[in-house]
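Asker: Below are the structure tokens for one structure; questions will follow.
The values are calculated or read from the model by the stated rules, or taken from the named source; none is laboratory data. The structure displayed is predicted, hence computed values, not measured ones. Note that we place each Cβ from the backbone using ideal geometry, even for glycine, and neighbour counts take in every protein chain shown. Just so you know, the surface numbers come from the protein's heavy atoms only, side chains and all, with ligands and any DNA or RNA stripped out. Shrake-Rupley method; radii C 1.70, N 1.55, O 1.52, S 1.80 Å.
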Amino acid sequence: MEKQINEGLIEGRNPVIEAMRAGKPIDRLYILDGSNDGPVMTIKREAKKRDIYIKYVSKDRLDNMSATGTHQGVIAVSAAYEYSEMDDIFSLAQKRGEAPFVYILDGIEDPHNLGAIIRTANLAGAHGVIIPKDRAVGLTGTVARTSAGAINYTPVVRVTNISKTIAELKERGMWFVCADMQGDVMYDIDMTGSIGIVIGNEGDGVSRLVKNNCDFTASIPMKGDIDSLNASVAAGIIGYEVLRQRSYNGKNR
């Protein structure tokens, strides 16, 4: 198996504990499955306090991730940037005098896609991007570089449950549009109000449960010989339709 070396790794029990106690942003922890000795239990407690996602994996998986070969059964993946809070998104919308506009990403795994979507979100006027903690890429260095600086201006919020987050944001007056090939043509959906655009995983699209929690599904018209778009491209096309509708207040549609 080809060795994959990840950026932003913190390896070893003491380095991981100290990083968490120092407040370093941690995306997730990889811990050797079945390991329950004292230092590992301390790491688990610290992770629970900070709501850090833990993934239990085999020794082979840890060995393949490790850049040093001295992981001691624990590897943390640090975030290149601090995550924002949900209120930061609403504060930014209020500051601009605009209805909130967010992207919700249901399991984007490619850091280049996430970085590109953050860049598009900024340029299309979105007030933030929401990503899940589990089964998705976080704010790695590659994401930051691909965003071309947009990560400094666009709040990125990480949540435990996408469906629950959608329900909570609906209580704050938001509507949600799921990008899906089987949906209504995006030009026929009013996206001028308080809106969330839901973009799915690169391979599987938006999960059934998340899709069921959305108010509309929007399809992008296509005339080619293939039937799907890259996730970041789809995010850009729909995001600019939101910008067009908002800029012209629904005129010239």
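Asker: Of the peptides 199-205, 45-51, 25-31, how do they stack up when ordered by the mean number of other Cβ atoms within 10 Å, highest first?
Answerer: Details: 199-205: 17.0, 45-51: 13.0, 25-31: 20.6.
Order by mean packing, descending: 25-31, 199-205, 45-51.
Asker: Can I ask one more? When Lys and Arg each count +1 and Asp and Glu each count -1, what net charge do the other residues less than 12 Å away from LEU92, Cβ to Cβ, add up to? Present the calculation step by step, with values, prior to reporting the outcome.
Answerer: Values: positive: LYS95, ARG96; negative: GLU85, ASP87, ASP88, GLU98.
Charge balance near LEU92 sits at -2.
Asker: How much of the accessible area of region 13-126, probe 1.4 Å, is carbon plus sulfur, in whole percent? All intermediate terms of the calculation are to be shown ahead of the outcome.
Answerer: Details: 2580 of 5520 Å².
About 47 percent, which is the carbon plus sulfur part of the accessible surface.
Asker: Under 15 Å Cα-Cα from LYS95, which aspartates and glutamates qualify once same-chain neighbours fewer than 8 residues away are excluded?
Answerer: ASP87
Asker: Report the convex hull volume per residue for region 5-149, counting only C-alpha atoms, in Å³. List each step's numbers first, then the result.
Answerer: Working: hull volume 16.0 nm³, N = 145.
Per-residue hull volume (Cα only) is 111 Å³.
Asker: Taking every eigenvalue of the Cα gyration tensor of region 127-244, multiplying by 5 and rooting it, what semi-axes result, largest first, whole Å?
Answerer: On the way: eigenvalues 90, 68, 46 Å².
In descending order, the three semi-axes are 21, 18, 15 Å.
Asker: Check VAL157: other-chain or 5+ apart residues with amide H under 5 Å from its amide H, H built from backbone geometry?
Answerer: Placed amide hydrogens put SER84, VAL129, ILE130, ILE131 under 5 Å from VAL157.
Asker: Taking θ as phi - 60°, what are the ³J(HN,Hα) couplings along region 33-50 by the Karplus curve (6.51, -1.76, 1.60), each to the nearest whole Hz, with x for Gly and Pro?
Answerer: 4, x, 7, 9, 6, x, x, 5, 5, 4, 4, 4, 5, 4, 5, 4, 4, 9
Asker: Still on this structure: Order the peptides 59-68, 160-169, 124-133 from the highest to the lowest mean number of other Cβ atoms within 10 Å of their residues.
Answerer: Put in order of decreasing packing, that is 124-133, 160-169, 59-68.
Asker: Starting from the amide H of THR217, placed 1.01 Å from N in the peptide plane, find each other amide H under 5 Å away whose residue is 5 or more places distant or on another chain.
Answerer: Those lying under 5 Å, H to H, from THR217 are CYS178, ASP184.
Asker: Of the labelled options (1) 17.7, 50; (2) 19.1, 60; (3) 19.5, 65, which one gives Rg and Dmax of the Cα atoms in Å as computed for this structure?
Answerer: Structure-derived value, by its label: (3).
Asker: Next up: Suppose only helical runs count, i.e. DSSP H with n ≥ 4. What mean residue ellipticity at 222 nm does that imply for the chain under -39500 (n - 2.57) per run, divided by all residues and rounded to the nearest 500 deg cm²/dmol? Write out the running numbers ahead of the final one.
Answerer: Details: 9 runs with 89 residues, N = 253.
Theoretical 222 nm ellipticity from helices: -10500 deg cm²/dmol.
Asker: Now for a different question. Over all Cα pairs of region 176-246, how is the pair count split among 5 Å bins, expressed in % and running from 0 up to the last occupied bin?
Answerer: Per 5 Å bin, starting at 0, the Cα pair percentages come out as 4, 17, 31, 28, 15, 5, 1.
Asker: From the phi angles alone, apply the Karplus equation (6.51, -1.76, 1.60; θ = phi - 60°) to region 137-150 and give each ³J(HN,Hα) in whole Hz, x where the residue is Gly or Pro.
Answerer: So the Karplus estimates, Gly and Pro as x, are 6, x, 7, 7, x, 5, 4, 4, 5, 5, 6, 6, x, 5 Hz.
Asker: Turning to a different aspect of this structure: Calculate the length of the line joining the C-alpha centroid of region 11-44 to that of region 70-129, in whole Å.
Answerer: 25 Å
Asker: May I ask what percent, to the nearest 5, of DSSP beta bridges between residues of the chain are antiparallel?
Answerer: On the way: 9 of 36 bridges.
Taking every DSSP beta bridge within the chain, about 25 percent pair in antiparallel fashion.
Asker: Just to be sure I understand: with springs between alpha-carbon atoms less than 10 Å apart, which residue in THR142, THR70, THR192 has the highest mean-square fluctuation in the Gaussian network model of the chain?
Answerer: Fluctuation is largest for THR70.
Asker: Amide H neighbours of ASP27 under 5 Å, at least 5 residues apart or on other chains, H built in the peptide plane: list them.
Answerer: When sequence neighbours closer than 5 places are left aside, the close amide H contacts are VAL77, SER78, ALA79.
Asker: How large is the accessible surface per residue of the chain, computed with a 1.4 Å probe and reported in Å² as a whole number?
Answerer: Working: 12810 Å² over 253 residues.
On a per-residue basis, the chain sits at 51 Å².
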